[in-house]
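Down below is the structure, laid out as structure tokens.
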Amino acid sequence: MTESVISHKCPNCDGPLLFDPEKQQFHCEYCLSVFTETDLSETEQVTSAENIQETSHETFNLYDCPSCGAEVVTDETTAATFCYYCHNPVVLKDRISGEFLPNNILPFAISKDQAKESFINWTNKKKFIPKGFFDASQIDKITGIYFPYWKTDAQFKGRIRATGTKITIWRVGETEYTRTRRYKLSRGGSAKFFDLIKNALQKNEKQLMIESVQPFPMENISNFDSKFLSGFQAEKRDLEFSQIEQRVNNELSHYTENLLKNQINGFTSVHVKNKEINLINQSNKYLLLPVWIVTYPNHEIKMNPYYYAMNGVTGKTSGKLPINKPKLIGASLTLGVIIMLIVLLGGYWLF
């Protein structure tokens with residue numbers, strides 16, 4: 001089996017092109033040329049390496065870098081990465097083509113420098129963090145990654161039949177009266193849903209990262225072009241829509257039922273007797289969404305690293321940080337001593 005590697009090259013000097021999120025343009029770090037997507041569509045030069053070596057190992061593959069020939073190590077879901085030797089951005093073509101060709105991509109809008117600044121500001125607000133977490137080498141590890149998602153648009157039609165209860169209570173003199181009335185109710189209609197986003201990766205630790213920084217501005221998505229991957233890493237989906245289809249439809253069916261139920265007002269209680277919710281049409285698209293990631297090894301629980309994640313467009317952040325336990329214990333003891341002294345001194349002055 002052979003796979004091809006793409007490296008988007010500068011039309012002027014043949015150096016690697018990188019995507020600039022701030023300017024929404026492509027630039028060459030060697031000759032400093034800047035190009036728009038239209039410029040590259042007319043002059044793009046793509047270098048392909050056809051004789052790619054792949055190991056039989058289940059968890060990683062080896063590919064030849066098209067620039068320096070070094071072996072690039074990836075796992076099964078990597079779609080774009082860097083050569084560790086020449087730092088040339090490479091895209092694994094067969095992982096973003098055919099059935100794995102994304103329909104859309106949401107390009108990064110936040111640059112690496114902006115992501116670093118946001119990360120530093122976020123960590124500076126946290127206390128009791130190990131010193132090493134603020135090292136420049138750790139901050140430099142921040143990585144822009146495109147994660148795979150399924151986007152669903154759908155229309156459902158439904159009808160619910162329910163029993164509504166109205167309870168009225170009033171008093172006349174010393175006597176309290178209660179009147180209970182029950183009604184047969186019916187509500188019907190259709191509901192359209194747009195841009196329901198579901199993760200297309202089975203890896204649990206990555207699910208947590210990318211789910212925590214939603215939502216993404218879907219109005220900014222573009223048709224997929226591999227040039228947007230240059231300078232970033234990307235993951236290939238390992239979760240097909242057929243595997244989550246039932247869960248998605250159940251979720252949308254539940255939303256439809258709630259929308260119909262919310263149309264019933266003015267009752268003390270409503271009990272749904274039966275429902276008919278049917279899918280009318282559905283459209284599913286595969287897309288890549290941008291997230292900045294920093295991970296920090298958890299030496300206590302190796303399978304659960306600490307992480308920081310930031311939405312590559314909106315800047316929404318999430319994460320969990322390690323705690324310097326000796327520093328925390330020391331601060332707690334100091335605070336305890338101060339409180340004890342205040343109590344003792346307060347007691348002394350009272351007596």
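Summing +1 for each Lys or Arg and -1 for each Asp or Glu, what net charge is found among the other residues whose Cβ lies under 12 Å from the Cβ of F228?
On the way: positive: K227; negative: D20, E37, D225.
Cβ neighbours under 12 Å give a net charge of -2.
Starting from the Cα-Cα distance between Q214 and F194, subtract it from 0.36 nm times their residue separation and give me the gain in nm to one decimal.
The span from Q214 to F194 would gain 5.7 nm if fully extended.
Treat each spin label as a single point 7 Å out from the Cα along the C-beta direction, and report the R171 to N249 distance in nm.
My value for the distance between the label points is 5.6 nm.
Can you classify the stretch 147-320 as rounded, prolate or oblate using the Cα gyration tensor, where a ≥ b ≥ c are the square roots of its eigenvalues, rounded means a/c under 1.5, and otherwise it's prolate if a/b beats b/c and oblate if not?
On the way: a/c = 3.24, a/b = 2.03, b/c = 1.60.
In terms of gyration-tensor shape, prolate.
Working out 0.36 nm times the residue gap between D238 and L259, then minus their Cα-Cα distance, what length gain in nm do you get to one decimal?
On the way: separation 21, 0.36 × 21 = 7.56 nm, distance 3.30 nm.
That works out to 4.3 nm of additional length.
Go through S269, N249, V294 and say which Cα lies farthest out towards the positive end of the charge dipole of the stretch 147-320; charges sit on Cβ, +1 for Lys and Arg, -1 for Asp and Glu.
S269
Using the per-residue mean of other Cβ atoms lying within 10 Å as a proxy for protection, in what order, highest first, do the peptides 162-168, 234-240, 172-178 fall?
Working: 162-168: 14.1, 234-240: 19.6, 172-178: 7.1.
Final packing ranking: 234-240, 162-168, 172-178.
Treat each spin label as a single point 7 Å out from the Cα along the C-beta direction, and report the K116 to K285 distance in nm.
The modelled label-to-label distance comes out at 3.4 nm.
Measuring from label point to label point, each 7 Å out along Cα→Cβ, what is the E276 to R159 span in nm?
0.4
Could you pull out the pairs from K236/K320; K23/K236; K157/K261; K166/K261; K116/K316 whose alpha carbons sit more than 18 Å apart here? Could you put the intermediate results ahead of the total?
Numbers: K236/K320 25 Å; K23/K236 26 Å; K157/K261 13 Å; K166/K261 16 Å; K116/K316 14 Å.
Among K236/K320; K23/K236; K157/K261; K166/K261; K116/K316, the Cα-Cα distance tops 18 Å for K236/K320; K23/K236.
Mind listing the long-range amide H neighbours of S111? Cut-off is under 5 Å, sequence gap 5 or more, other chains count too, H placed in the peptide plane at 1.01 Å from N.
E22
Coordinate-derived values only; no laboratory data. Owing to the predicted nature of the structure, the values given are computational and were not obtained by experimental measurement. All Cβ positions, even for glycine, are placed from backbone atoms using ideal geometry, and neighbour counts span all protein chains on display.
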